[in-house]
Structure formats: structure tokens, C-alpha cells
Number of protein chains: 2
Amino acid sequence: VKRLRIGLLGCGTVGGGFVALVDRERDRLRSRYSLDLTIDRILVRDAGKERRGIDPALLTTCATEVIDRDCDVIVEVVGGVHSAGTYVRRAIRQGRHVVTANKALLAATGSELFGAAAARGVTIGFEASVCGGVPVIGVLRRGLAGDSIESITGILNGTSNFILSRLHEGLGFAEALACAQELGFAEADPALDVSGQDAAQKLRILAGLAFDAPIRRTTVVGIDGITPGIIQNARSRGCVVRSVAEATRVAGGIELRVGPKFLAATEPLARIVDETNAIVIRGRAVGEIVLSGRGAGSMPTAAAVLADVLDISCLT
Amino acid sequence: VKRLRIGLLGCGTVGGGFVALVDRERDRLRSRYSLDLTIDRILVRDAGKERRGIDPALLTTCATEVIDRDCDVIVEVVGGVHSAGTYVRRAIRQGRHVVTANKALLAATGSELFGAAAARGVTIGFEASVCGGVPVIGVLRRGLAGDSIESITGILNGTSNFILSRLHEGLGFAEALACAQELGFAEADPALDVSGQDAAQKLRILAGLAFDAPIRRTTVVGIDGITPGIIQNARSRGCVVRSVAEATRVAGGIELRVGPKFLAATEPLARIVDETNAIVIRGRAVGEIVLSGRGAGSMPTAAAVLADVLDISCLT
């Protein structure tokens, strides 16, 4: 049995889910992969807050106490760009493998971080950063590595899709948004979701993996202008409205577009409702591959983080 | 640029597609992965037959001329169990990594071959053996490795699904089968497809990856008993008939079932038509993940073989 020591940065929705998942899967991982996972130290904002199922002795408010320990992998789930970036850079400098669920960080400084990791001979796992539990990063990096990707089309923001699903049921925009917030899908400030910027960040990460070409144009339109009249109009044409993220080849590179579209009710993405995410990848050899599942949430995202940790365990 | 030498066993539908794909993707693989793939030697039945785009000097009718060369990877796409098994065993003994698209071989002797490979320190890639271009093996082995799988449900045989799709359009069974054969989906002897045995072989491979538990029961029912009356009966209940393969947990292990089912028209698998394959994987943490795409065909299967070859290139 090989021991793998994890330093965990952040213990919120995803971090807490990760601790619970590692606990729950411990016996299976030991018998299946001969792997004994331990979480050695956990960075939190408030070390005094009680957390069910977590040994208080593991908690610290000092990031270097986590990063500078002799762990095999640093899991970054604090979110945000500034502190998270400082932590990940330090972990890489110390020669630690990193797993992150931080889409904003990768969108802002991904190429710098991947360059630093390659130079130091460590890996950055980021399956959890796009579409939570849907393993689209692995599918693009490995499963479809043998093929030339022609386009990626997806429903990448669960909150927007949840709101649009409610609008099709007759709710107004404000009601639908309030409903999403009540159920915990939307942030108190839902601007990043409804503006399309969240989907655009995810699309940029996917396009970076899928295409060997520069991004030439990006167009992002939110769903905040979608009125009951527009929904009715779509209906009358046998369509539904979805916020669609598309990456396609254009002269000299790639074009990214995010925005509401009328989709014929028979199209695969038209059938994706509520907070589900879906991605259609078109490859020259494989044709159309469709992936769908829960794109967010504590446990699905934690499962993606753990999959990356297990992948890295083969390297240590 | 790292050179990777491939020995190819078989140059039929999949083998020929693989040669064409390696040719087409050569520049991309060189610039993206700094990898130069060469196919060193190709086992064929008839070395005199002209093959477009293939250097006749590479062809041989002697398997050991391919296996005993100093290649990095042996790709086995001859099919069948007897000769293919002899070749793969020899390749493993010689310390070669193996990539195979041979579902029947793995269903018959998989655990023996994986054991031999592990003992010799080589890898067997088998993404192409189940559902062609749909990267379900990689998703189960890696993407969902962090989660406990609760069930797998799928449409795993494209020929059966194509025939059922035609039955829903009013064709009789014999006509639908002839149509599938004409389009090249069904073999001249379609017994393995319509009996459900092909889907059962694939399900067994998937269940072996997903569950750490023995298979307790297997029930396989073909689609040959599906009459227009049964289709009408399903329709009248708002359902469609699909051949569904299911692996579920039961006391003491796993139960496998393959057979026709009435599915409500709103279920994800009810919407899968023609020769498409689809798999619904239910994980305890991630919930339901759906994957679909082309489960067979020369180029999709070749792309899965190439993805495995690229994965192995990281090991050499």
C-alpha cells in the first residue's frame, strides 16, 4: 500500500466535499489501487469554526503550513485569482503536484502556471475546473487525443440553463433567478453566470485543450435580455432558447461565442434542462461525441478533484 | 521529437483506418506532442492485395516479423480470439505494450492477459474494444476513478439499435436487418449482434472496470422476438423499445442484463437512434453522466486506438 499525502487549500463547498469523499472512498481506494490517502493539513479562513467529520488539529489559517509540508499533492479549492495564484505558484516552486478546481485562475494565468509546472516537472490537474463532475477535460486530453477536433458546442453554465428552463415554464426572469439563488445554484451576485462570462472562461479552457490555434475573436452575450416574448417566439418555431457556448475554427484560428440561441427541440442540447451541463465535441474521425452530467455541486466537483489526485498518484 | 514505432497486426476496416489516421494526424502529433509515429510493419492475410496509401514493403504475412521487431507498441486489430490471443501473449512476453480493439479476446481471456501484462510491466490499451469512438473506458478508468459506481446502463450494440429504429418506422424485422447489412452495420452473420451477446461482452468489460465485485448473474435476451405488435404496444404507452444493457449491484456482487425494454420517450436512452451508442454511468458522488457517439466504424475506432497509443507514448 502506497501512501499519498495531500495538502488541502480551502474547506468550503468543494473542499468540505473532498474531505467527506476521501473518507467515504478510503477502503475502496486502498483495495483497488493499493493507495492510502491522507489529508495532512487544511487551510481555512476560520480555524475556530466547527466542521463535522474534520479533525480540528488539521486546520490552519497559514497557507505555507500546508504548502511547505512534505505533501505529494496540493489541492487548491480556495477559489479567486489572487491568493490562489500565490499558493499555486509556491506549490509548484516547492515541486508539488497541484490539483485545482479554479477556472478563474486558469482563465487568467493558465499558460504561465502550466509553463512553470512543466519547467519544475510537476503536473497541474484541472478536471474539476470545467463542468464539475463531467470528465470533459480528460476526454479532450486523452480520449480524443488521436483526433483533430473541429468544434466544441456546449451548455457550460448550469445557472443560466436553470433560469432558461424556468422561463420556458412561464416564470419571469427575476423570479427564475430568485429560484436559482434559493436552490443554491446562483451566487448572491449572479453577474458572472447570467452575463455568459463564466461559460466563456470554461470555453476558453476547453478550446485551449482541443485546438492548436490562437483565439481570434470572442463574443459573449448574457441571458439577461431574454423576455417571455422571446421564449414564445422560439416556441412558435418549435425551438427552445439555450445559452450555447461554441468554439469553431475560422481563418487563422478559433472563434469563441457564448450567447442565447434558438435550438430545434430535436437537437441534443435542446434536451438539456435545469442545472445540467452538456458538451458536444465534433472530431474529424469520431464524429459527434456528447457528454452530459452535473456541472457543479460539492460532491461531483470533489469527485473530479479526487480523480485528478488518483491520476497523479501514478506519478509519485 | 520522440519517435514511436508501431507494429500493426491486421489491416482490415480498423487497421486500414488506423494507417490513414496516423498519416493524416502526423503533423499535428509532431507539433503538439513532439511525437513522430511510424508504422514499421503490418501483418496482413494477403500481401499481394493492393492497398491505397500503404507502402507494400511494410506488409508481411508472418506475425513474428511484426511482433519480434523492436517496436514500442503492438496494435492488434486482427479480431477473433485464437490467433489474436497468441499474438498478444507473444507481444507481452517480448515486453511490448499492446493496444487492442478486440472485445471478444478481452471477454474470453482478459484477466489472464492483464495479469501477464502487469507481471511483465507493460500496458494493454483497450479503449477501442468497447463502443468505438466513445471514450467510455478512459472515463471509467480515470475520469470517474474517484467515485463509487452504482450502475451502468447503455445502448451498446449499434446494429440492434439501428434495427429497432427501423422497426419503429414500420419496417419488419427481416427488412430492417437487410437494411443494416446493406449499410454495413451488421455482419453477414448478425447472430452476435441481434442475440445480445455482443452487448453482453461489452457490458462485462465495463462492469469489470467499474465495480470491485464478482458477476453473480448474467441474463441475455436478443431483439429477434420483437414484432410490429410489440412496437405498437410500446407506442401506445408513450414508450419506445430499446435493447438495454444494465450492470447493477445485487447482494454479493453484480448482475448483468441485456435485453429489449420499454423506455419512456423522455428517458435519455430512448432518444438514441440508429447506430449510435450511449452509456449512462451513475456514480454515488457525480450522479448521472451520459456519454454518446458512434460506437463502431473504421475511423472512430481507429481514433480510439490512436488515443491509446498516445497514452502509452508517455510510458516509453
(request) Work from the charge dipole of chain A (Cβ charges, +1 for Lys and Arg, -1 for Asp and Glu, about the Cα centre) and give the residue of A:53, A:75, A:138 farthest towards its positive end. (result) A:138
(message) Is the C-alpha gyration tensor of region A:1-136 telling us rounded, prolate or oblate? Criteria: a/c under 1.5 is rounded; beyond that, a/b larger than b/c is prolate, otherwise oblate.
(response) rounded
(request) Give the Rg (one decimal place) followed by the Dmax (whole number) of region B:51-131, computed from C-alpha coordinates and expressed in Å. (result) 12.7, 39
(message) Can you compute the modelled spin-label distance between residue A:70 and residue A:178, with each label point 7 Å from Cα toward Cβ, in nm?
(response) 5.8 nm
(request) Using DSSP to define loop residues, name the GluC sites (Glu not before Pro) in region B:151-221 whose beta-carbon has at most 13 other beta-carbon atoms within 10 Å. (result) B:169, B:187
(request) In square nanometres and to one decimal, what's the mean projected area of the convex hull around the Cα atoms of chain B? (result) 17.1 nm²
(request) One decimal, nm, shortest first: give the distances between the label point of residue B:219 and those of the same position in the other copies, each label point 7 Å from Cα along Cα→Cβ. (result) 5.4
(request) Please report how many Lys pairs in chain A have alpha carbons closer than 29 angstrom, counting only residues at least 8 apart along the chain or sitting on separate chains. (result) 4
(message) Could you check the spin-label model distance between residue A:81 and residue A:49? Points 7 Å from the Cα along Cα→Cβ, value in nm.
(response) 2.4 nm
(message) With the label 7 angstrom out along Cα to Cβ, how close does residue B:121 come to the same site in each of the other copies, in nm, nearest first?
(response) 1.9
(message) Rounded to whole Å, give me the distance from the Cα center of region A:260-306 to that of region B:200-243.
(response) 25 Å
(message) Against the empirical 2.2 N^0.38 Å scaling, what ratio does the C-alpha Rg of region B:154-304 come to?
(response) 1.04
(message) At 7 Å along Cα-to-Cβ for each site, give me the label-to-label distance between residue B:33 and residue B:169 in nm.
(response) 3.8 nm
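Summarise the long-distance tail of P(r) for region A:44-98 by giving the % of C-alpha pairs beyond 17 Å. Before the final figure, lay out the partial values.
Values: 605 of 1485 pairs.
For region A:44-98, the share of Cα pairs beyond 17 Å comes to 41 percent.
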(message) To the nearest 20 Debye, how big is the dipole of region B:58-161 about its Cα centre, given +1 on the beta carbon of each Lys and Arg and -1 on that of each Asp and Glu?
(response) 160 debye
(request) Averaging over all projection directions, find the projected area of the Cα convex hull of region B:163-247 and quote it in nm² with one decimal place. (result) 6.6 nm²
(message) I need the GluC sites (Glu not before Pro) found in region A:1-107, filtered to DSSP loop residues with at most 13 other beta carbons within 10 Å of theirs.
(response) A:50
(request) Tell me what chain B gives for mean residue ellipticity at 222 nm when only DSSP H runs of n ≥ 4 count, each as -39,500 (n - 2.57), the sum divided by the residue total, rounded to 500 deg cm²/dmol. (result) -12000 deg cm²/dmol
(message) If I build a Gaussian network model for chain B, linking alpha-carbon pairs within less than 10 angstrom, which residue out of B:116, B:63, B:210 has the largest mean-square fluctuation?
(response) B:116
(request) Could you give the spread of the C-alpha atoms of region B:1-65 along their three principal axes, from largest to smallest, in whole angstroms? (result) 36, 23, 18
(request) With springs connecting C-alpha atoms under 10 Å apart, model chain A as a Gaussian network and identify which of A:57, A:251, A:186 has the largest mean-square fluctuation. (result) A:251
(message) Given a 10 angstrom Cα cut-off, can you work out which residue in B:286, B:136, B:19 is the most mobile in a GNM of chain B?
(response) B:286
(message) Suppose we keep just the DSSP beta bridges with both residues in region A:206-290; what percent of those would be antiparallel, to 5?
(response) 75 percent
(request) Alpha carbons only, please: Rg and Dmax for region B:94-236, in angstrom. (result) 17.7, 60
(message) How big is the dipole moment of chain B about its Cα centre under a simple scheme where the beta carbon of each Lys and Arg is +1, that of each Asp and Glu is -1, and everything else is neutral? Debye, nearest 20, please.
(response) 620 debye
(message) Measuring nothing but label to label, 7 Å from Cα along Cα→Cβ, what are residue B:81's distances to the other copies in nm, shortest first?
(response) 5.9
(request) Could you work out how far helix B:298-313 tilts from the main Cα principal axis of chain B, as a 0 to 90 degree angle to the nearest 10? (result) 50 degrees
(request) For the protein assembly as shown, restrict the atom set to alpha-carbon positions and state the Rg and Dmax in Å. (result) 24.8, 78
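Could you tell me the convex hull volume per residue, in Å³, taken over the Cα atoms of region B:107-146?
In region B:107-146, the Cα convex hull volume per residue is 81 Å³.
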(message) Need one number: % antiparallel among DSSP beta bridges in the protein assembly as shown, to the nearest 5.
(response) 55 percent
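Only the coordinates and a few stated rules stand behind these numbers; no lab work does. Please read all numbers here as calculations on a predicted model, not as lab measurements. Neighbour counts run over all protein chains shown; Cβ positions are idealised from the backbone, glycine included.
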